[in-house]
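For reference, the structure discussed in these notes is given below.
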Amino acid sequence: MDGDDGAIWESNAVMHFLCKKFDTEGELYPTDIVKAGRVDMVLDWRQTTFYPCIPNIGYVVFGMPCDEAKAKEDFKKLIDVHFKTLLDVFLKDTPYCFSEKPTIADLAIAPVITFIKARAKFWDAVPDAIKEYHSRVLEAFPGVEENFKMLDGMTTSYSGDGADAEP
């Protein structure tokens with residue numbers, strides 16, 4: 001985002017900015033400090049722990065060189081560690097991350113999961129509960145369905161190097 005006061009970049013910072021400017025009721029970013037802290041925790045986890053596993057798996061759709069061995073290693077980490085954190089901690093008692101309704105934490109995670117679809121056999125190995133969460137979040141935002149479908153189309157139609165790799 002670029003405005004009169006300068007640029008704001010990084011997806012989580014942009015979402016925070018937009019929520020503070022336009023979401024005064026706390027629909028996507030809670031006004032309650034404890035709930036907001038949980039959202040921030042999930043956003044930090046997504047950026048520093050979860051997201052680094054995605055580029056070697058899914059950035060092939062952008063024509064970027066990806067390390068196949070690292071893609072398999074990163075996917076194993078998603079399966080063995082990160083998906084468990086998502087399901088057993090963040091989604092333990094709620095359909096969305098620490099919430100009965102979606103927040104920017106869910107918007108930060110679910111679309112990123114779509115990148116795994118660039119490798120069909122990897123996607124096949126994603127736990128059903130993660131796929132259900134992914135669908136639930138995307139369906140909760142019909143106003144941006146076109147964007148989600150565009151990313152889905154990019155990933156599911158990918159047929160280049162690594163598309164048919166085993167996880």
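The values are calculated or read from the model by the stated rules, or taken from the named source; none is laboratory data. Values in this document were obtained by computation on a predicted structure and should not be read as measured data. All Cβ positions, even for glycine, are placed from backbone atoms using ideal geometry, and neighbour counts span all protein chains on display. Side chains included, ligands, DNA and RNA excluded: accessible areas come from the protein's heavy atoms. Shrake-Rupley method; radii C 1.70, N 1.55, O 1.52, S 1.80 Å.
Quick rundown of the values:
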{"quantity": "Residue match in the stretch 147-155 (condition: closer than 26 Å to Glu73 by Cβ and either modelled with pLDDT under 95 or basic (Lys, Arg) (or both))", "calculated": "no"}
{"quantity": "Residue among Thr103, Thr94, Thr85 that is more than 19 Å from Asn12 (Cα to Cα) and within 14 Å of the chain's Cα centre (by Cα)", "calculated": "Thr85"}
{"quantity": "Helices (runs of 4 or more DSSP H) contained in the stretch 116-167 and holding at least 3 residues touching a helix residue (DSSP H, G or I) at 6+ places or on another chain (Cβ under 6 Å) and more than 18 Å from His82 (Cα to Cα)", "calculated": "145-156"}
{"quantity": "Some residue of the stretch 1-24 being touching a residue at least 60 places away in the same chain (Cβ under 8 Å), more than 19 Å from Thr156 (Cα to Cα) and open to solvent by 70 Å² or more (accessible area, probe 1.4 Å)", "calculated": "no"}
{"quantity": "Residues within the stretch 25-43 that are touching a residue at least 12 places away in the same chain (Cβ under 8 Å) and either exposed (fewer than 12 other Cβ atoms within 10 Å of the Cβ) or hydrophobic (A, V, I, L, M, F, W, C) (or both), tallied", "calculated": "4"}
{"quantity": "Looking only at the stretch 85-125, and only at residues there that are over 22 Å from Asp152 (Cα atoms) and of a type in the set (Lys, Arg), the one that is surrounded by the fewest Cβ atoms within 10 Å (Cβ to Cβ)", "calculated": "Lys92"}
{"quantity": "Long-range neighbours under 6 Å by Cβ, at least six apart or interchain, first residue without any contact (Cβ under 8 Å) to a residue 24 or more places away in the chain within the stretch 58-76, second surrounded by 13 or more Cβ atoms within 10 Å (Cβ to Cβ)", "calculated": "Asp67/Asn56; Lys70/Asn56; Asp74/Cys53; Asp74/Asn56; Asp74/Ile57"}
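Here's the yes/no breakdown for (1) open to solvent by 70 Å² or more (accessible area, probe 1.4 Å); (2) farther than 18 Å from Pro111 by Cβ; (3) in a helix (DSSP H, G or I):
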| site | (1), (2), (3) |
| --- | --- |
| Thr48 | yes, no, yes |
| Tyr51 | no, no, yes |
| Gly58 | no, no, yes |
| Val61 | no, no, yes |
| Lys72 | yes, yes, yes |
| Ile79 | no, yes, yes |
| Phe83 | no, no, yes |
